[in-house]
1. Mind listing the long-range amide H neighbours of residue 342? Cut-off is under 5 Å, sequence gap 5 or more, other chains count too, H placed in the peptide plane at 1.01 Å from N.
2. So which lysines can residue 260 reach, going by Cα to Cα under 27 Å and dropping same-chain residues fewer than 8 places off?
3. Measuring from centroid to centroid over Cα atoms, what is the spacing of segment 323-373 and segment 134-185 in Å?
4. As a quick test, which of the pairs 110/428; 59/428; 59/110 have an alpha carbon distance above 31 angstrom in this structure?
5. Could you calculate, for segment 233-344, the ratio of the Cα radius of gyration to the Kirkwood radius, expressed as Rg to Rh?
6. Relative to the first principal axis of the alpha-carbon coordinates of the chain, what is the inclination of helix 9-24, with its axis defined by its Cα atoms, in degrees from 0 to 90 and to the nearest 10?
7. Among 284, 249, 294, which residue has its Cα furthest toward the positive end of the charge dipole of segment 236-296, with +1 on Lys/Arg Cβ and -1 on Asp/Glu Cβ?
8. Could you pull out every residue, at least 5 positions away or on a different chain, whose amide H is within less than 5 Å of the one on residue 123? Hs are placed 1.01 Å off N in the peptide plane, and Pro or chain starts have none.
Amino acid sequence: MDAAPVLAPELACQIVRWRREFHRRPEVGWTEFWTTARLAELLGAMGLSPRLGAEMLDKDSRMGLPPEAALSQAMAEAVRPLGDLPGARPDLLSRMDGATGLCVDLAPDKAPGVVLRCDIDALPVRESQASSHRPAREGFRSLREGAMHACGHDGHMAMALGAVRLVLDQLSQGRARLSRNVRLLFQPAEEGVRGAMPLVPLVSGWPYFLAGHIGLACPETGSFAAGVTGAFATAKFNVAFQGREAHAAQAPEEGADALKGACEAVLAIHALPRHSRGEGRVCVGRLEGGSGRNVVPGFARFEAEVRGRPQEVCDFLFERAKAAVEGIALANGLGVSFELAGQAGAAESDGALAARLARIAQGLSQDGRPLFSRVLEQARISVSEDACTLMREVQQGGGQASYMLFGSDLAAGHHAPDFDFDEAVLAKGALMLACAVLDLAGPGDFRL
Ligand SMILES: [Zn+2]
Ligand SMILES: [Zn+2]
């Protein structure tokens, strides 16, 4: 890179407009049809040729899919206008072939350089209508009741689009060159860690991988962490017990109580042993079953998750939970199905890459002032992140990966109905991402 790019005020405003547009039309995991089409339109207008949905991922490897009816409904809804936002272009929707997400290469003829991954899904949260909530006050609250960008992925998309715009401008003005390809991955279904696994082939063998998040362990505007440690590996699973209904008084012995089996399994999961080599977490977040007070329950199901750091703690908890469920089914004469609904690995950012990113961040300025007032090489997080699956793939292939945190003042915690971030983070993030990819895929001293 010859000189650090400067973010023009018009582009900074455009990035905010993009964020607000995505914020108004949120879609939950695997139903991001309108979002994918809109990203494709915007990237297409920049002269790029993205691959959409089934053009870039294997549909059958998706985990935790909503029911078929929900997918069809989301596709039908996506093509309709909503408020002043036009519907998705039907030709783009048909190219997706029922799957969401998007992949675009900035220099497709060149060897793999750096992947930048950005998540695109929203949450099933009903957004606050309070006047203290800025999206409500300023007219960009969700137009889809019950869905909300409550984790900042709307901001991630806007930042990534801004970074692409910046990189393309630098290239066309002859101010920077790419000696390697830059791949943007707009990943569906990050929430519930369901969307990264099908994208593994798209990062395999790449030398550098970047992802990031607004907020989390950097809850103030101006801070930046170039890498993270501490992400939990996690496995999400659904368990369904099939029993046999019977009269609760006249012939209970003829029944097989699925709800009792599920209750035993919930307690057994909470009683899983500790692990000496790390930390674990377990949660059974939802339990339902039975049909009425005086009927031996013929079915029950629950949704659970285990987490661990390092990976072996998660694997240990998952295997033990599965064994407990199977044993309890056997003891109670129940049928059982065990469905994996999401999975992410534990990964740490590479120290050398994080140090390089921190140096880039420290060198950036805006209006004569440092772009970031506080730069950390590593921050510790206590969540799971789907990107870890992709980071592990890159690291196992000999590449380096880092997960960055873009600090922002937050109005409320992530996933809350009044979550909101300081939009000043968007321009900072876009500039940082652009400089990072130009540095990693530029003509410098290449590592691999
Ligand atoms: Zn989230
Ligand atoms: Zn998130």
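Bear in mind these aren't lab numbers, they're just calculated from the coordinates by the rules spelled out. Since the model is a prediction, treat every value here as computed from it, not as a measurement. Here the Cβ is made from the backbone with ideal geometry for all residues, glycine too, and neighbour counts use every protein chain on show.
1. 236
2. Partners within reach: 236, 322.
3. 21 Å
4. 59/428
5. On the Cα set of segment 233-344, Rg over Rh gives 1.05.
6. Relative to the chain, helix 9-24 is tipped by roughly 20 degrees.
7. 284
8. HN-HN under 5 Å from residue 123: 148, 149, 150.
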